[in-house]
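Note sheet for the following structure.
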DNA sequence: TATTGTTATACTCTATAACTATA
DNA sequence: TATAGTTATAGAGTATAACAATA
């Protein structure tokens, strides 16, 4: 974690807040990585399954676009997911260049488990928060997200 | 981004909140990756530089412990950072098995740039927030972090 | 001519295991 | 005997470029 607070500069509550946001991101990432590993998935492969669950059988080209990675990368991800039984490849009915990727039963079960895990995590993080605290958090979060999107757009 | 809200389950404000937290983490990660790439750094290498900046010349063993990776991984990271001029290796003064890694001027300059980037980001995210919104966000963030740490401890 | 997905190649991060040089 | 860091090896994610099959 890139914690910035040190003796080099005057401490800033803004920087301290960013540090805690970054800590949250790191902890969340580790938690999700651990959960997925228990099901035999990496984050990249899980992401592909997730896209598949929401978009139904897709060509690899469509998956590459949805995931924001190259066609070559999708080949590798699908290879791995097919070898471990999460997806299957089948020919596209009308375009003989293309391949359709679809979830197996095992893949669908894993996606359902991922959804349950996320719902459970949301519960653990938020369910017992005082409503005012939860609402304040969400309000601030939305404002921060908006500013972050603006900053990225400017860059 | 693993956005969970779909037609499969009753929409939940808790899940929606987690989705936005996850969106924030993804956008922050992409933003930082882009900034670091502009300086010729990956996140792993930047993390090592950051540890070095805060801990002064360190053995690779100490770096491996601080980063939570294997000794082999540190060898690779230091190889890359040395080849690109961010760090140098030198013999440990008293333990001839060990190697000290230290920042070059270029490495120190890069760490300073990283610190500036983070401070700038904190400004962009928080500086123009109404104080009450900022405080509500931080209060909620602290509560969420606490619950996340508890959840991880239980697991 | 353009597109889909592959092979070829390469770089990075990560790990374990075996080994060398030292403690 | 234990530790620091290396080589050897391997798997995963990522990319570009060249290529085959098909549109």
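The values are calculated or read from the model by the stated rules, or taken from the named source; none is laboratory data. Please read these numbers as outputs of a predicted model, since none were measured by experiment. Here Cβ is always computed from backbone atoms with ideal geometry, including for glycine, and neighbour counts include all displayed protein chains.
Out of A:4, A:15, one residue alone is within 14 Å of another protein chain (Cβ to nearest Cβ), within 28 Å of residue B:43 (Cα to Cα) and modelled with pLDDT under 95. It is A:4. Just one of the numbered conditions (1) within 26 Å of residue B:15 (Cβ to Cβ); (2) without any contact (Cβ under 8 Å) to a residue 60 or more places away in the chain is not true of residue A:113: (2).
Being under 18 Å from the mean Cα position of the chain (by Cα), under 28 Å from residue A:48 (Cα atoms) and more than 7 Å from chain B (Cβ to nearest Cβ) holds for only one residue in A:99, A:109, and it is A:109.
Looking across the range B:53-82 at every residue that is buried (at least 18 other Cβ atoms within 10 Å of the Cβ), in a helix (DSSP H, G or I) and more than 12 Å from chain A (Cβ to nearest Cβ), the one that is nearest to DNA strand C (Cβ to nearest atom) is identified as B:77.
Only residues that are touching a strand residue (DSSP E or B) at 6+ places or on another chain (Cβ under 8 Å) and either within 12 Å of DNA strand D (Cβ to nearest atom) or outside the structural domain of residue B:104 (by TED's automatic domain parsing) (or both): list them for the range B:55-75, please.
B:57, B:58, B:59, B:60, B:63, B:66 - these are the residues of the range B:55-75 that are touching a strand residue (DSSP E or B) at 6+ places or on another chain (Cβ under 8 Å) and either within 12 Å of DNA strand D (Cβ to nearest atom) or outside the structural domain of residue B:104 (by TED's automatic domain parsing) (or both).
For residue A:116, the criteria (1) within 11 Å of another protein chain (Cβ to nearest Cβ); (2) touching a helix residue (DSSP H, G or I) at 6+ places or on another chain (Cβ under 6 Å); (3) in a helix (DSSP H, G or I) hold in every case but one, which is (2).
In the range A:34-44, of all residues being within 12 Å of another protein chain (Cβ to nearest Cβ) and outside any loop (DSSP other than H, G, I, E, B), the one that is surrounded by the most Cβ atoms within 10 Å (Cβ to Cβ) corresponds to A:36.
Considering only the range A:90-110, how many residues are away from DNA strand D (no atom under 15 Å from the Cβ) and either touching a strand residue (DSSP E or B) at 6+ places or on another chain (Cβ under 8 Å) or free of Cβ contacts under 8 Å to residues at least 12 places away in the same chain (or both)?
Residues in the range A:90-110 being away from DNA strand D (no atom under 15 Å from the Cβ) and either touching a strand residue (DSSP E or B) at 6+ places or on another chain (Cβ under 8 Å) or free of Cβ contacts under 8 Å to residues at least 12 places away in the same chain (or both): 5 in total.
Checking each residue of the range A:126-145 against the condition of being crowded, with 19+ Cβ neighbours inside 10 Å, away from chain B (no Cβ under 12 Å) and modelled with pLDDT of 95 or more gives no match.
Anything in the range B:146-155 that is within 17 Å of residue B:14 (Cα to Cα) and at pLDDT 95 or above? List them, or say none. Please lay out each step first, then the result.
Step one: of the range B:146-155, the residues within 17 Å of residue B:14 (Cα to Cα) are B:146-148, B:151.
Matches in the range B:146-155: B:146, B:147, B:148.
Restricting attention to the range A:76-89, the residues that are free of Cβ contacts under 8 Å to residues at least 24 places away in the same chain and either under 13 Å from residue A:47 (Cβ atoms) or in contact with a strand residue (DSSP E or B) (Cβ under 9 Å, 6 or more places away or on another chain) (or both) total 3.
Assess whether residue A:49 counts as being surrounded by 15 or more Cβ atoms within 10 Å (Cβ to Cβ), within 24 Å of residue B:139 (Cβ to Cβ), within 10 Å of another protein chain (Cβ to nearest Cβ) and modelled with pLDDT of 95 or more. So residue A:49 fails the test. A single entry from B:141, B:52, B:41 fulfils the requirement of being more than 12 Å from DNA strand D (Cβ to nearest atom) and within 30 Å of residue A:122 (Cα to Cα): B:141. Here residue A:28 fits the description: more than 12 Å from DNA strand D (Cβ to nearest atom) and closer than 30 Å to residue B:68 by Cβ.
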